[in-house]
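Take a look at the structure set out below.
The values are calculated or read from the model by the stated rules, or taken from the named source; none is laboratory data. Quick caveat: nothing in here was measured; it's all calculated off a predicted structure. Please note: Cβ atoms are built from the backbone with ideal geometry, for glycine as well, and neighbour counts cover all protein chains shown. Ligands, DNA and RNA are stripped out before the accessible areas are found, and what is left, the full protein with its side chains, is counted by its heavy atoms. Shrake-Rupley method; radii C 1.70, N 1.55, O 1.52, S 1.80 Å.
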Amino acid sequence: MNEYIRRIDDCANFLTDFFGSIPATAIILGSGLGNLANELTDVKSIAYKDIPGFPVSSVEGHSGILSCGRLDGSPVMVMQGRFHFYEGYDMKTVTFPIRVMSRTGIRHLFLSNAAGGMNPSFAVGDIMVITDHINLFPEHPLRGRNLDSFGTRFPDMSEAYSPRLVEKAFDIASEAGISLKRGVYVGGQGPTYETPAEYRFFRIIGGDAVGMSTVPEVIVARHCGMEVFALSVITDLGVEGIVNKCSHEEVQRAAAAAEPRMSHIIKRLADYCNRN
Ligand code: HPA
(Lines give C-alpha, C1' and ligand atoms only; values in the text may rest on other atoms or scores of the structure.)
Protein backbone atom coordinates (compact mmCIF):
# COMPACT_ATOMS: atom_id res chain seq x y z
CA MET A 1 0.00 0.00 0.00
CA ASN A 2 1.17 3.52 -0.72
CA GLU A 3 2.83 5.33 2.21
CA TYR A 4 0.44 8.31 2.01
CA ILE A 5 -2.62 6.06 2.30
CA ARG A 6 -1.02 4.10 5.14
CA ARG A 7 -0.47 7.37 7.06
CA ILE A 8 -4.12 8.40 6.44
CA ASP A 9 -5.40 5.03 7.62
CA ASP A 10 -3.18 5.09 10.71
CA CYS A 11 -4.51 8.55 11.66
CA ALA A 12 -8.10 7.44 11.03
CA ASN A 13 -7.66 4.33 13.17
CA PHE A 14 -5.98 6.35 15.90
CA LEU A 15 -8.82 8.89 15.93
CA THR A 16 -11.55 6.25 15.88
CA ASP A 17 -9.94 4.67 18.95
CA PHE A 18 -9.40 8.03 20.61
CA PHE A 19 -12.92 9.39 20.09
CA GLY A 20 -14.77 6.09 20.44
CA SER A 21 -17.39 7.01 17.89
CA ILE A 22 -17.12 9.50 15.04
CA PRO A 23 -20.04 11.72 13.97
CA ALA A 24 -21.21 11.95 10.35
CA THR A 25 -20.64 15.72 10.09
CA ALA A 26 -17.37 17.64 10.29
CA ILE A 27 -16.82 21.41 10.41
CA ILE A 28 -13.61 23.15 9.38
CA LEU A 29 -13.42 26.51 11.12
CA GLY A 30 -11.77 29.34 9.22
CA SER A 31 -10.23 32.70 10.18
CA GLY A 32 -11.71 34.29 13.28
CA LEU A 33 -14.52 31.71 13.47
CA GLY A 34 -12.87 29.46 16.02
CA ASN A 35 -15.30 30.21 18.83
CA LEU A 36 -17.80 27.65 17.58
CA ALA A 37 -15.56 25.02 19.14
CA ASN A 38 -16.16 26.61 22.57
CA GLU A 39 -19.85 25.84 22.23
CA LEU A 40 -19.34 22.10 21.97
CA THR A 41 -20.69 19.97 24.82
CA ASP A 42 -19.68 16.39 25.70
CA VAL A 43 -16.46 17.35 23.99
CA LYS A 44 -13.24 15.44 23.59
CA SER A 45 -10.28 17.15 21.92
CA ILE A 46 -6.80 16.35 20.71
CA ALA A 47 -4.02 18.62 19.43
CA TYR A 48 -2.81 17.82 15.90
CA LYS A 49 0.69 17.34 17.32
CA ASP A 50 -0.60 14.45 19.44
CA ILE A 51 -2.11 12.62 16.45
CA PRO A 52 0.68 10.41 15.07
CA GLY A 53 1.31 11.28 11.41
CA PHE A 54 -1.01 14.33 11.35
CA PRO A 55 0.45 17.61 9.98
CA VAL A 56 0.93 20.53 12.39
CA SER A 57 -0.45 24.05 11.75
CA SER A 58 1.71 27.20 11.93
CA VAL A 59 -0.37 30.30 11.08
CA GLU A 60 -1.25 32.88 13.75
CA GLY A 61 -4.82 32.50 15.06
CA HIS A 62 -5.16 28.88 13.87
CA SER A 63 -4.88 26.56 16.78
CA GLY A 64 -4.55 22.99 15.51
CA ILE A 65 -7.11 21.07 17.55
CA LEU A 66 -9.49 18.33 16.47
CA SER A 67 -12.61 17.82 18.60
CA CYS A 68 -15.71 15.68 18.67
CA GLY A 69 -18.71 16.80 20.64
CA ARG A 70 -22.26 18.06 20.37
CA LEU A 71 -23.26 21.37 18.84
CA ASP A 72 -26.72 22.24 20.14
CA GLY A 73 -27.19 18.50 20.58
CA SER A 74 -25.94 17.41 17.13
CA PRO A 75 -22.81 15.25 17.08
CA VAL A 76 -20.03 16.91 15.06
CA MET A 77 -16.29 16.75 14.50
CA VAL A 78 -14.63 20.18 14.55
CA MET A 79 -11.27 21.01 13.03
CA GLN A 80 -9.73 24.24 14.39
CA GLY A 81 -6.82 25.24 12.23
CA ARG A 82 -6.35 24.21 8.64
CA PHE A 83 -3.30 23.86 6.40
CA HIS A 84 -2.96 26.61 3.84
CA PHE A 85 -1.02 26.25 0.62
CA TYR A 86 0.59 29.67 1.26
CA GLU A 87 2.18 28.32 4.43
CA GLY A 88 4.27 26.11 2.21
CA TYR A 89 2.36 22.84 2.61
CA ASP A 90 1.89 20.83 -0.55
CA MET A 91 -1.63 19.91 -1.64
CA LYS A 92 -1.32 16.37 -0.25
CA THR A 93 -0.80 17.90 3.19
CA VAL A 94 -3.43 20.64 2.79
CA THR A 95 -6.05 17.97 2.09
CA PHE A 96 -4.71 15.21 4.35
CA PRO A 97 -7.30 15.87 7.10
CA ILE A 98 -10.16 15.52 4.61
CA ARG A 99 -9.00 12.06 3.62
CA VAL A 100 -8.61 11.11 7.27
CA MET A 101 -12.15 12.34 7.91
CA SER A 102 -13.41 10.32 4.99
CA ARG A 103 -11.79 7.18 6.38
CA THR A 104 -13.35 7.79 9.81
CA GLY A 105 -16.80 7.91 8.19
CA ILE A 106 -17.50 11.66 7.85
CA ARG A 107 -20.21 12.16 5.20
CA HIS A 108 -21.04 15.88 5.45
CA LEU A 109 -18.36 18.57 5.47
CA PHE A 110 -18.99 22.22 6.41
CA LEU A 111 -16.30 24.84 5.86
CA SER A 112 -15.99 28.51 6.63
CA ASN A 113 -13.53 31.12 5.46
CA ALA A 114 -12.84 34.83 5.23
CA ALA A 115 -12.98 36.31 1.75
CA GLY A 116 -12.73 39.57 -0.13
CA GLY A 117 -15.96 40.56 -1.90
CA MET A 118 -15.96 41.52 -5.58
CA ASN A 119 -19.72 41.56 -6.09
CA PRO A 120 -20.83 45.24 -5.93
CA SER A 121 -23.93 44.28 -3.91
CA PHE A 122 -21.76 42.91 -1.07
CA ALA A 123 -20.77 44.77 2.10
CA VAL A 124 -18.16 44.01 4.75
CA GLY A 125 -19.71 41.65 7.28
CA ASP A 126 -21.98 39.89 4.77
CA ILE A 127 -22.14 36.11 4.78
CA MET A 128 -21.98 34.41 1.38
CA VAL A 129 -23.16 30.86 0.83
CA ILE A 130 -20.72 29.37 -1.66
CA THR A 131 -22.65 27.86 -4.56
CA ASP A 132 -19.66 27.16 -6.80
CA HIS A 133 -15.94 27.84 -7.06
CA ILE A 134 -13.15 28.66 -9.50
CA ASN A 135 -9.93 26.86 -8.73
CA LEU A 136 -6.92 29.11 -9.35
CA PHE A 137 -4.45 27.24 -7.17
CA PRO A 138 -1.28 26.44 -9.08
CA GLU A 139 -1.33 22.76 -8.07
CA HIS A 140 -4.35 20.47 -8.22
CA PRO A 141 -4.95 18.41 -5.06
CA LEU A 142 -5.80 15.31 -7.12
CA ARG A 143 -2.73 15.54 -9.35
CA GLY A 144 -0.79 12.30 -9.47
CA ARG A 145 -1.83 8.68 -9.31
CA ASN A 146 -5.52 8.41 -8.48
CA LEU A 147 -6.32 7.03 -5.03
CA ASP A 148 -9.00 4.64 -6.23
CA SER A 149 -9.99 3.59 -2.73
CA PHE A 150 -11.25 7.17 -2.16
CA GLY A 151 -12.81 8.04 -5.50
CA THR A 152 -12.73 8.10 -9.25
CA ARG A 153 -9.95 9.49 -11.50
CA PHE A 154 -12.14 12.20 -13.05
CA PRO A 155 -14.59 13.40 -10.39
CA ASP A 156 -17.74 15.28 -11.34
CA MET A 157 -17.81 18.88 -10.07
CA SER A 158 -21.21 19.94 -11.38
CA GLU A 159 -22.63 20.06 -7.84
CA ALA A 160 -19.55 20.61 -5.70
CA TYR A 161 -21.66 22.50 -3.12
CA SER A 162 -24.76 20.59 -2.07
CA PRO A 163 -27.83 22.29 -3.59
CA ARG A 164 -30.08 20.90 -0.85
CA LEU A 165 -27.85 22.34 1.89
CA VAL A 166 -27.62 25.70 0.09
CA GLU A 167 -31.42 25.89 -0.03
CA LYS A 168 -31.77 24.71 3.57
CA ALA A 169 -29.30 27.42 4.69
CA PHE A 170 -31.49 30.08 3.06
CA ASP A 171 -34.58 28.68 4.83
CA ILE A 172 -32.76 28.70 8.17
CA ALA A 173 -31.52 32.25 7.60
CA SER A 174 -34.87 33.68 6.59
CA GLU A 175 -36.57 32.10 9.63
CA ALA A 176 -33.95 33.74 11.85
CA GLY A 177 -34.02 37.11 10.02
CA ILE A 178 -30.42 36.66 8.87
CA SER A 179 -29.55 38.01 5.45
CA LEU A 180 -27.38 35.81 3.25
CA LYS A 181 -25.69 36.32 -0.10
CA ARG A 182 -24.85 33.56 -2.52
CA GLY A 183 -21.97 33.37 -4.93
CA VAL A 184 -18.91 31.92 -6.56
CA TYR A 185 -15.71 31.67 -4.50
CA VAL A 186 -12.40 32.11 -6.29
CA GLY A 187 -9.64 30.19 -4.52
CA GLY A 188 -6.09 31.37 -5.01
CA GLN A 189 -2.75 30.69 -3.42
CA GLY A 190 -2.14 33.99 -1.53
CA PRO A 191 -0.56 35.13 0.74
CA THR A 192 -0.97 38.59 -0.82
CA TYR A 193 -4.40 40.12 -0.93
CA GLU A 194 -5.37 41.16 -4.46
CA THR A 195 -4.34 44.18 -6.47
CA PRO A 196 -7.26 46.22 -7.88
CA ALA A 197 -6.59 44.70 -11.31
CA GLU A 198 -6.73 41.17 -9.87
CA TYR A 199 -10.06 41.84 -8.11
CA ARG A 200 -11.40 43.23 -11.41
CA PHE A 201 -10.15 40.13 -13.26
CA PHE A 202 -11.73 37.74 -10.71
CA ARG A 203 -15.03 39.61 -11.05
CA ILE A 204 -14.89 39.42 -14.87
CA ILE A 205 -14.30 35.66 -14.82
CA GLY A 206 -17.38 35.12 -12.64
CA GLY A 207 -16.24 35.40 -9.04
CA ASP A 208 -18.18 37.00 -6.20
CA ALA A 209 -15.53 36.58 -3.48
CA VAL A 210 -11.89 35.55 -3.29
CA GLY A 211 -9.88 33.76 -0.62
CA MET A 212 -6.91 31.51 0.03
CA SER A 213 -8.47 28.26 1.21
CA THR A 214 -11.46 25.91 0.90
CA VAL A 215 -11.17 24.95 -2.79
CA PRO A 216 -8.53 22.18 -2.31
CA GLU A 217 -10.44 20.72 0.64
CA VAL A 218 -13.74 20.81 -1.25
CA ILE A 219 -12.23 19.08 -4.28
CA VAL A 220 -10.86 16.27 -2.14
CA ALA A 221 -14.07 16.00 -0.11
CA ARG A 222 -16.03 15.61 -3.35
CA HIS A 223 -13.53 13.06 -4.60
CA CYS A 224 -14.28 11.11 -1.41
CA GLY A 225 -18.04 11.47 -2.00
CA MET A 226 -18.78 13.83 0.90
CA GLU A 227 -21.61 16.34 0.82
CA VAL A 228 -20.16 19.86 1.09
CA PHE A 229 -21.48 23.16 2.43
CA ALA A 230 -19.35 26.31 2.75
CA LEU A 231 -19.77 29.88 3.96
CA SER A 232 -17.57 32.93 3.36
CA VAL A 233 -17.62 35.97 5.59
CA ILE A 234 -16.88 39.04 3.50
CA THR A 235 -14.14 40.83 5.41
CA ASP A 236 -13.06 43.43 2.83
CA LEU A 237 -14.09 44.64 -0.58
CA GLY A 238 -12.39 44.42 -3.93
CA VAL A 239 -15.19 46.19 -5.78
CA GLU A 240 -14.22 48.51 -8.60
CA GLY A 241 -13.78 52.03 -7.15
CA ILE A 242 -13.84 50.79 -3.52
CA VAL A 243 -10.89 48.48 -3.07
CA ASN A 244 -10.17 48.74 0.68
CA LYS A 245 -6.74 48.46 2.18
CA CYS A 246 -6.73 45.00 3.68
CA SER A 247 -4.95 43.69 6.79
CA HIS A 248 -5.07 40.39 8.67
CA GLU A 249 -6.39 42.26 11.76
CA GLU A 250 -9.30 43.81 9.82
CA VAL A 251 -10.13 40.43 8.32
CA GLN A 252 -10.23 38.86 11.79
CA ARG A 253 -12.35 41.71 13.19
CA ALA A 254 -14.97 41.48 10.42
CA ALA A 255 -15.03 37.67 10.69
CA ALA A 256 -15.62 37.84 14.46
CA ALA A 257 -18.58 40.22 13.95
CA ALA A 258 -20.27 37.71 11.61
CA GLU A 259 -19.73 34.80 13.96
CA PRO A 260 -23.12 34.70 15.78
CA ARG A 261 -25.03 34.64 12.46
CA MET A 262 -22.67 32.14 10.93
CA SER A 263 -22.80 29.78 13.88
CA HIS A 264 -26.59 29.87 13.97
CA ILE A 265 -26.71 28.62 10.38
CA ILE A 266 -24.05 25.98 10.95
CA LYS A 267 -25.81 24.66 14.08
CA ARG A 268 -29.20 24.38 12.38
CA LEU A 269 -27.63 22.73 9.32
CA ALA A 270 -25.77 20.22 11.49
CA ASP A 271 -29.11 19.33 13.05
CA TYR A 272 -30.67 18.98 9.58
CA CYS A 273 -27.87 16.70 8.34
CA ASN A 274 -28.16 14.64 11.48
CA ARG A 275 -31.83 13.95 10.74
CA ASN A 276 -31.66 13.69 6.93
N1 HPA B 1 -8.36 38.18 -0.78
C2 HPA B 1 -7.91 36.97 -0.50
N3 HPA B 1 -8.13 36.39 0.66
C4 HPA B 1 -8.84 37.04 1.58
C5 HPA B 1 -9.34 38.31 1.34
C6 HPA B 1 -9.07 38.92 0.08
O7 HPA B 1 -9.47 40.05 -0.20
N8 HPA B 1 -10.02 38.69 2.44
C9 HPA B 1 -9.93 37.68 3.32
N10 HPA B 1 -9.22 36.68 2.81
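Taking a ≥ b ≥ c as the square roots of the eigenvalues of the Cα gyration tensor of the range 42-191, is the shape rounded (a/c under 1.5), prolate (a/b larger than b/c) or oblate? Rounded, since a/c falls under 1.5. The alpha carbon centroids of the range 174-217 and the range 111-151 are separated by 8 Å.
With both residues required to sit in the chain, DSSP beta bridges show an antiparallel share near 40%. With all protein chains in place and a 1.4 Å probe, the accessible surface of the range 90-129 carries 49 percent carbon and sulfur. Scanning the chain for DSSP H helices at least 18 Å long along the axis (C-alpha atoms) with a Kyte-Doolittle mean no lower than -1.0 picks out 3-19, 163-176, 248-275.
For the chain, modelled as a GNM with alpha-carbon contacts under 10 angstrom, which of THR235, THR93, THR214 fluctuates the most? Maximum fluctuation in the GNM of the chain, among the listed residues, is at THR93.
With a cut-off of 10 Å between beta carbons, the residues surrounding VAL220 carry a summed charge of +2, where Lys and Arg count +1 and Asp and Glu -1.
For the range 109-234, the Stokes-Einstein estimate of translational diffusion at 25 °C and a viscosity of 0.890 mPa s comes to 162 µm²/s, using the Kirkwood hydrodynamic radius over alpha-carbon pairs.
Of ASP126, ASP50, ASP208, which has the largest mean-square fluctuation in a 10 Å C-alpha GNM of the chain? Between ASP126, ASP50, ASP208, it is ASP50 that shows the largest mean-square fluctuation. At a probe radius of 1.4 angstrom, the accessible area of the chain per residue rounds to 42 square angstrom.
Just checking the listed ones, SER74, SER174, SER102: in the Gaussian network model of the chain with Cα springs under 10 Å, the one fluctuating most is SER174. For the chain, adding -39500 (n - 2.57) for each run of n ≥ 4 DSSP H residues and dividing by the number of residues yields -10500 deg cm²/dmol at 222 nm. Taking 0.36 nm per residue of separation and subtracting the current Cα-Cα distance, fully stretching the chain between ASP17 and HIS140 would add 41.1 nm. Straight-line cross-link partners of LYS49 among the lysines, defined as a Cα under 23 Å from its Cα and at least 8 positions apart when in the same chain: LYS92. A simple packing score, the average count of other Cβ atoms within 10 Å per residue, orders the peptides 266-272, 146-152 as 266-272, 146-152, with the highest score first.
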